[in-house]
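The values are calculated or read from the model by the stated rules, or taken from the named source; none is laboratory data. Note that this is a predicted model, so its numbers are computed, not measured. Cβ: placed from backbone, ideal geometry, glycine included. Neighbour counts: every protein chain shown. What goes into the accessible areas is simple: the full protein's heavy atoms, side chains included, and nothing from ligands, DNA or RNA. Shrake-Rupley method; radii C 1.70, N 1.55, O 1.52, S 1.80 Å.
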Amino acid sequence: MLSVKDAETIIFNLVQPLDHQRDVEIVDISTAGNRILANPITSSLDFPHWDNSAMDGFAVRYQDVQHSSSEKPVILDIVTEIPAGYQPQSPILPGQAARIFTGAPMPPGADTVVMQEKTQQKGNQVLILAAPRPQEFVRHQGSFYQAGTQLLPGGIPIFAPEIAVLAAAQCPQVIVFRRPRVAIFSTGNELVAPNQPLQPGQIVDSNQYALAALVRESGAEPLLLGSIRDEPTAIKEAITNALTNADLVISSGGVSVGEYDYVKPTLESLGAKIPIQFVDMRPGRPLTVATFPELNSSILYFGLPGNPVSVLVSFWRFVQPTIKKLAGLSTAWEPKFLKVRSHCELRSDGKRETYIWGNLHLTAGVYEFHKAVGTQSSGNLINLASTNALALLPVGKTLITPQEEVEVLQVR
Ligand code: AMP
Ligand code: MG
């Protein structure tokens, strides 16, 4: 059977990210948070735009003050005052200084700023009480960024720092990737919607709602196709509909070896290639991954198992990174594992890579993994609520003792 690592490699290699020219839209930077920058940004501005002061103090000529000290202070004439926003005109001549404030442009002639705390002002004159270093407290034009070079790379997520940079570079609008559309449907004759009365033998289609939320959290737009009966024609119709309207398809249920598991044969009847059918993990062993080369399509199909816990674990492990890569992220789309301390004993039969759900707690500044209370059954979605992490026990590892290090996938 395929290891989780091998399955991951197959899946991530199959993802074809959205096109950075075709699959884009323009948004205002005020609404660009959490979007993905489609293309690199360059600016015609230097940062800083001009030499300016990093301190409140006095702009001076270094030569004048290089030997100054509290015992033998150099005395300079204050010839002008330069607040932020003011453009100094006349040069500072030998023996002169300008009163200057943080961020204000350096006057011509001056090359160094002496901080206010190292000076003493007496009327129109200033005593320099300590020798500065040459060019001290001057932020030089272009020292943070030079015009024409790359300011931001394409494929990065836009958060507050990037929005600040875009605003400062006078980019009020920005080209971002459109959100990928992800079709979602559930299969199962037993499924009803949450607002329908439950008949004996029926359960609510919770997967549809969980998947919609997960897709949205991952930066994509869910397209809900409903609960589909375990009938080949109905499943075929849903898949065909999904393939024409979405960039990625996720179904739940019907991918195991039971009599009513029609997803795989239906995909085959549509000419799909199925590189993955089972993965050596628990929960989430049945996992159908299909592509449609005969349809000239780059769409990936994930047939997740029906068990609600398996759906979430398979999603976090494989589908979320897929959506992030598809959405245009050039880095940081991979699943993020942390090494933390386990608070309690964790057990597995060691036969398959095992995921145990629970919580990362911050205890005295160190993350600890606490296993969720209750049974770790893939049918028990109740104790998955309020968890935020999955601990991973690799194949062959049957026991992790309290305080032992454990690898954890942080899922929110
Ligand atoms: P299956 O993989 O179709 O054999 O389903 C496995 C288990 O998951 C069964 O107990 C189903 O009733 C349950 N299940 C399947 N689909 C859903 C769903 N959409 N929401 C909640 N539970 C489901
Ligand atoms: Mg089923």
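Descriptive notes on the structure:
- Cβ-based net charge around ALA327, under 13 Å, with every Lys or Arg adding one and every Asp or Glu removing one: +1
- The chain: relative contact order in percent, alpha carbon pairs under 8 Å with at least 6 residues between: 16 percent
- Region 67-189 - share of DSSP beta bridges that are antiparallel (%, nearest 5): 60 percent
- Surface/4 of the Cα convex hull for the chain, nm²: 28.3 nm²
- Adding -39500 (n - 2.57) for every DSSP H run of four residues or longer, then dividing by how many residues the chain holds, sets the calculated 222 nm ellipticity at -5000 deg cm²/dmol.
- Cα lying deepest toward the dipole's positive end in the chain, options PHE369, THR187, LEU243, charges on Cβ: PHE369
- Selection of trypsin sites (Lys or Arg not before Pro), region 317-371, meeting DSSP coil and at most 12 other Cβ within 10 Å: LYS336, LYS351
- Taking every DSSP beta bridge that has both ends in the chain, the antiparallel portion is near 65%.
- 3J(HN,Hα) along region 274-279: 10, x, 9, 10, 9, 10 Hz, from the Karplus curve 6.51 cos²θ - 1.76 cosθ + 1.60 with θ = phi - 60°, whole Hz, x for Gly and Pro.
- Amide H contacts under 5 Å for ILE92, placed H, 5+ residues apart: GLY109, ALA110
- Taking amide H as placed 1.01 Å from N in the peptide plane, ALA389 has its amide H under 5 Å from the amide H of GLY358, LEU360, VAL411, each at least 5 places away in sequence or on another chain.
- Count Lys and Arg as plus one, Asp and Glu as minus one, and take only other residues whose Cβ is under 14 Å from that of ASP23; the net charge is then +2.
- Ignoring the sites themselves, the chain has its longest run without chymotrypsin sites (Phe, Trp or Tyr not before Pro) in a DSSP loop having at most 15 other Cβ atoms within 10 Å at 261-412.
- J(HN,Hα) series, region 354-369, from Karplus relation 6.51 cos²θ - 1.76 cosθ + 1.60, nearest Hz, glycine and proline x: 10, 10, 10, 8, x, 10, 8, 10, 8, 10, 6, x, 10, 6, 10, 9
- Net charge contributed by nearby residues that have their C-beta within less than 15 Å of GLU368 (K/R +1, D/E -1): -1
- Evaluating 6.51 cos²θ - 1.76 cosθ + 1.60 at θ = phi - 60° for every residue in region 302-308, the Karplus couplings come out as 10, x, 7, x, x, 4, x Hz, glycine and proline recorded as x.
- Here's how it looks for VAL204: its modeled amide H is under 5 Å from those of VAL192, which are all 5 or more places away or on a different chain.
- Centroid-to-centroid separation of region 90-139 and region 173-192 [C-alpha atoms, Å]: 61 Å
- Region 344-399, accessible surface, carbon-and-sulfur percent (1.4 angstrom probe): 57 percent
- Computed over protein heavy atoms with a 1.4 Å probe, the accessible surface of the chain works out to 49 Å² per residue.
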